[in-house]
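The next block holds one structure in the form of structure tokens; read it before the comments.
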Amino acid sequence: MQHLAIQRGLRALSTSASAASTTTTASAPASGAAAATKPLVLVDYYALNDASSYAVVQLNRHPANALSLEVLEELKRTYADLNRRVASKPASPSSDKSATATTGSAAAAAADTNAPTGPVRAVVLTSAVPSFFSAGIDLGEFTKGKDHWLHYWKTLRETFLDIYTAPMPTVAAINGHAPGAGAVFSLACHHRIMLRGKYGFGLNEVAVGMPVPEWLCTVMANTTSVRTAERMLPFGSMVNADTGLASGLVDSAVDSPEQLREAALKQVLAFNSVSFFAQSFTYKNIRSSFAAHMRATEDEDMKSSWSFIGTPAFQDQLARLRASLAAKKPRKDA
Amino acid sequence: MQHLAIQRGLRALSTSASAASTTTTASAPASGAAAATKPLVLVDYYALNDASSYAVVQLNRHPANALSLEVLEELKRTYADLNRRVASKPASPSSDKSATATTGSAAAAAADTNAPTGPVRAVVLTSAVPSFFSAGIDLGEFTKGKDHWLHYWKTLRETFLDIYTAPMPTVAAINGHAPGAGAVFSLACHHRIMLRGKYGFGLNEVAVGMPVPEWLCTVMANTTSVRTAERMLPFGSMVNADTGLASGLVDSAVDSPEQLREAALKQVLAFNSVSFFAQSFTYKNIRSSFAAHMRATEDEDMKSSWSFIGTPAFQDQLARLRASLAAKKPRKDA
Amino acid sequence: MQHLAIQRGLRALSTSASAASTTTTASAPASGAAAATKPLVLVDYYALNDASSYAVVQLNRHPANALSLEVLEELKRTYADLNRRVASKPASPSSDKSATATTGSAAAAAADTNAPTGPVRAVVLTSAVPSFFSAGIDLGEFTKGKDHWLHYWKTLRETFLDIYTAPMPTVAAINGHAPGAGAVFSLACHHRIMLRGKYGFGLNEVAVGMPVPEWLCTVMANTTSVRTAERMLPFGSMVNADTGLASGLVDSAVDSPEQLREAALKQVLAFNSVSFFAQSFTYKNIRSSFAAHMRATEDEDMKSSWSFIGTPAFQDQLARLRASLAAKKPRKDA
């Protein structure tokens, strides 16, 4: 049974239209029927073994996974739900062995008929949209005034932290372009695999006229090095799979969607090869210092963000960009 | 016109005697006629395009660019002046487009008849002295008592920070030896290109019996890695262009003065290929944490510095070294 | 004479039974005759030149250098003694030249008839036990209750810091397996050389179900990079000499015990090739920030450590592991 479930997991990673029977969304019932019929984030659960499962989370906002507020909120709800389904609360090593139907997380899983055999040990984050992991911030989000922007930016920060500090690790399967904020969530992950090809990955904010916020500079420095961040970010540099591998931005590069699925699953199995408790606390010991710093500087970052987004110059530049994009393609988002 | 100006910029980089017509110094008129006739720091401006220029700053204290207090003060004044001529005050993105004759910086430029077409977008820091980028601290500075030393050391720290935190980026074109403090200012720069050859570059303080101050250890760690700093600094290790490239101390290595000029200009154009505002704020977001730390520990560093320089043992050792150098060569400085 | 002494030093590194005439232990006389007859830590002193010596410290608890409390205490006493015999108190550069019989350290050396020509300039830390540098924490230490564990853990932390902040540098000659805490003290050293072969080196805590404490995650990040620590520690990854070299965990890899001795001695000579004062203060400037952090978080770390070790789940798992080991081999420690 385990093997079959893993095979299904592989398929879910390979198709944008996942099998309905194993797909759920993180939407609360209150979020309405419309969201349920066209989920922005697809979530599939597969058994790893009798005791636990893994989840495949796919961004699913066509045509480019532009990050609207709704996508962020859906992703945030997804991780809240995954946290409830976590393999075991890593509060003590005892739960490593006793992660059975009596734990709260398994009870939560049982309450959802779409959920499979056991609590979630690891996550794969990928895209269900061809050619794009995510195009980054939906340009429309910049134009809705200060209050909306601050809410949006706060949600983006929190979603990053939800992934970054989740008790179960996430592997990003980067199967398309991932510029700017489109790369941010994969940088919150615990492992990054990138598909070779024409795709670009990286914090290219400066190339489109925006500064990179301090916390994201630090994320880049922690992923590569202080100097690599300093050599890439001020030029809006992006990488492909191989240059990303060389600079440490991604952990492995693969040649095909099939290899991407295999590598992602192999990483899930690697996560699961050691004690969940010990692994989770070790990630926490590595990551809690930056997470605390990011939380402590929230006010400053929010203020700094609006001090740029709110300027007439940026809004004018944005209006010209949107007009130019609209002239090229009749896309709702980019 | 742009092309010609760039060609002139290339020539300025290649000769120690820059064309008088395009050369100015940062000296305030109060600094006297003697300084004006033999400038310790040469500054040339060249047009990048109709809207902005770049500056070539050459250390010019023969025979080895030993860093006397006067050189530091001249370099400090140079950066103060460059800051006034900056491409645009990066306070908001609006100034990116409106950097015209109405800005304060352009007004300052207009007031100086030596200044060319527009405000300064980037800087090249190099040496006008054959074989030396800079020999480091002028040995005479160590011998003038506590008050003088503290003033000197404070000026050196501030000059480092002026370059490190300048709104416009600097590329160091390292065209000769750069030991100890002779390497420090290039480590403050945003990009380092080094000429291959017999030249040594690096913080070799320990090799000449001096400890490396904490802030400089951190600069080295940020440029390479904590461990690389720990492997090099306690041994006073220096690099040539290729070993510097391998360790990350320099960003590129070139074979000839011509290639050095071309690479420096290429880097200036790379700086200029993206929004000045976005780039400048991104550098700030990467660098402000260290700059704040360096400022916060000034008192401690000043005290620590004199606790070493002021010892009879160091002063004795220094006297022997100066006597030995004097016996070898009739140089005024080294 | 210097050459002969160095040759003897080489031999001491090569044999587990050092020549009695040059071997001493750090034990205070109060530690009893039993310890003197079977020292857990062997210490040999050899002349580097007329003015100073180096020490070879060998862990000597057969069969695997499992770290009992007594081993830690002996190692701690060893470094306390080495500090007294240090080449010169690096309080000022003057002592660099005047490290003679009038200094306190030389006086201490003179008081011990086993000590050779001069104060200690550098240390080699290695193992006198075949195949093991150190097997890590003696499993018995986990089973003696909260007070004992807290005392043990505090002693381990302090021993790490004693090596990490010692005025004279230590080179680790890793001549066997070094898993978990068996790698910790070598990570406190200033240089690491590892013998090629079947040996594993690294913080494999997670592979045996234990989280890596925050301070040890930071040590790993400082030795390699934040991301390398994040890629290795949550999986309990270990390295051999060559993969350790590639990741920066070790500084060189050698093929034979002879090469290990030569490389260790070469590193001692490299340490001694520059001013002790300048080197020692530069190490301090690089390392004091982490040392202060480690000291400041002691309470938190002690609490966190017991919150894991004290759980019934861990104690049960440990009991099973010890039973399984006892069934396999009649070893007293592992």
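The values are calculated or read from the model by the stated rules, or taken from the named source; none is laboratory data. Bear in mind the structure is a predicted one, so any value in this text is a computation, not a measurement. Heads up, the Cβs are rebuilt from the backbone with ideal geometry, glycines too, and the neighbour counts pull from every protein chain shown. Surface areas here come from the heavy atoms of the whole protein model, side chains and all, with no ligands, DNA or RNA. Shrake-Rupley method; radii C 1.70, N 1.55, O 1.52, S 1.80 Å.
Tabulated values for the structure
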item	result
Amide hydrogen neighbours beyond the local backbone of A:Ala66, cut-off 5 Å, H modeled	A:Ala135
Label-to-label distance, nm, for residues given as C:Ser324 and A:Ala270 (7 Å Cα→Cβ offset)	2.4 nm
Interface area, B with C, accessible, probe 1.4 Å, both sides summed, Å² nearest 100	1800 Å²
Across the identical copies, how the B:Leu321 labels are spaced - nm, sorted shortest first, 7 Å along Cα→Cβ	5.2, 5.2
Shielding score for C:198-211, defined as the mean number of other chain Cβ atoms within 10 Å	4
Linear extension gain, C:Lys38 paired with C:His62, 0.36 nm per residue minus alpha-carbon span	7.6 nm
Interface residues in the range C:232-259 - accessible area drops by 50 Å² or more relative to the isolated chain, probe 1.4 Å	C:Pro234, C:Phe235, C:Asp251
Nearest-to-axis residue of chain A, judged by beta-carbon position, where the axis maps A onto B, in Å	A:Ser225, 4
Filter on C:Lys198/C:Lys328; A:Lys76/A:Lys146; A:Lys146/A:Lys328; A:Lys284/C:Lys303; B:Lys144/B:Lys303; B:Lys146/B:Lys328 - keep pairs with C-alpha separation over 24 Å	A:Lys146/A:Lys328; B:Lys146/B:Lys328
Efficiency of FRET between C:Ser288 and B:Glu298 - r from beta-carbon atoms, R0 22 angstrom, step 0.05	0.85
Copy-to-copy label separations for A:Gly197, where each label sits 7 Å from Cα toward Cβ, in nm and ascending	4.9, 5.0
Label-point separation, B:Thr143 to A:Glu158 (7 Å along Cα→Cβ), nm	6.7 nm
Cβ-vector label at 7 Å, B:His151, separations to other copies in nm	6.0, 6.0
Cβ-placed point charges (K, R +1; D, E -1), dipole of the range B:33-84 about Cα centre in debye, nearest 20	120 debye
Principal axis box of the range C:161-239, alpha-carbon based, largest edge first, Å	34, 29, 19
Surface share of carbon and sulfur [accessible, 1.4 angstrom probe, percent] for the range A:133-228	56 percent
Anisotropy class of the range C:121-198 from Cα gyration tensor, a/c 1.5 cut	oblate
